[in-house]
1. Filter the stretch 14-31 for residues that are free of Cβ contacts under 8 Å to residues at least 12 places away in the same chain and either among the aliphatic types (A, V, I, L, M) or buried (at least 17 other Cβ atoms within 10 Å of the Cβ) (or both); which is farthest from M84 (Cα to Cα)?
2. Looking at the stretch 120-144, which of its residues are in a loop (DSSP other than H, G, I, E, B), surrounded by 13 or more Cβ atoms within 10 Å (Cβ to Cβ), on the phi < 0 side of the Ramachandran plot and out of contact with any Leu (no Cβ under 8 Å at 6 or more places or on another chain)?
3. Filtering the stretch 1-13 down to residues that are in a helix (DSSP H, G or I) and touching a strand residue (DSSP E or B) at 6+ places or on another chain (Cβ under 6 Å), which residue is surrounded by the most Cβ atoms within 10 Å (Cβ to Cβ)?
4. Would you please name the residue that is farthest from A79 (Cα to Cα), looking only at residues in the stretch 103-131 that are in contact (Cβ under 8 Å) with a residue 12 or more places away in the chain and of a type in the set (S, T, N, Q)?
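Since every read-out is calculated from the coordinates, none of them should be taken as a lab result. Quick caveat, the model's predicted, so the values are computed rather than measured. Cβ coordinates were reconstructed from backbone atoms using ideal geometry, including for glycine residues, and neighbour counts include every protein chain displayed.
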Amino acid sequence: MEIRKTRYNEPAAVRLNDLVQREYVERYGDGDATPMAADHFDPPHGLYLVAYDADGEPVASGGWRAQDASPEGHDDGDAEVKRMFVVREARGRGLARAILAELEASAAAAGRTRMVLETGLRQPEAISLYESCGYRPVKKFGYYRDQDLSVCLGKSLVDPQD
């Protein structure tokens, strides 16, 4: 496996985003409508990663974008995880965990103090991954903050006990 920095609008990232959107439709009946743009993930205010298998096929992705205090529920210094996804054929190999670790390290190096994310109750695998990596419930934020199926999690990047 090779993890590469990329832009959110590059072909491999777009292909994986299309696949995750299809999965959201399967699980929730609709895709994720959260406003996003490629420049949200440009360093030093973000990062987008794509993992490739031994054959050079893109099989996983994830990114973070800087967020600060807002009416949507963010705190100053947040880094919001977006589009964590692994294709079905590559699940169970630690790809999401590896991408998440790189995202956390990058966000901390950029001065972000907390990683946050929004997922959903119909993604129990994602919730299990994040909890096993130290994420805990936080105040709901973002586009889906008023939805019953929304789950918001966070992890301090400055205090490993938090």
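1. If we take residues in the stretch 14-31 being free of Cβ contacts under 8 Å to residues at least 12 places away in the same chain and either among the aliphatic types (A, V, I, L, M) or buried (at least 17 other Cβ atoms within 10 Å of the Cβ) (or both), then V25 is farthest from M84 (Cα to Cα).
2. Q123, K140, F141, Y143, Y144
3. A13
4. Q123
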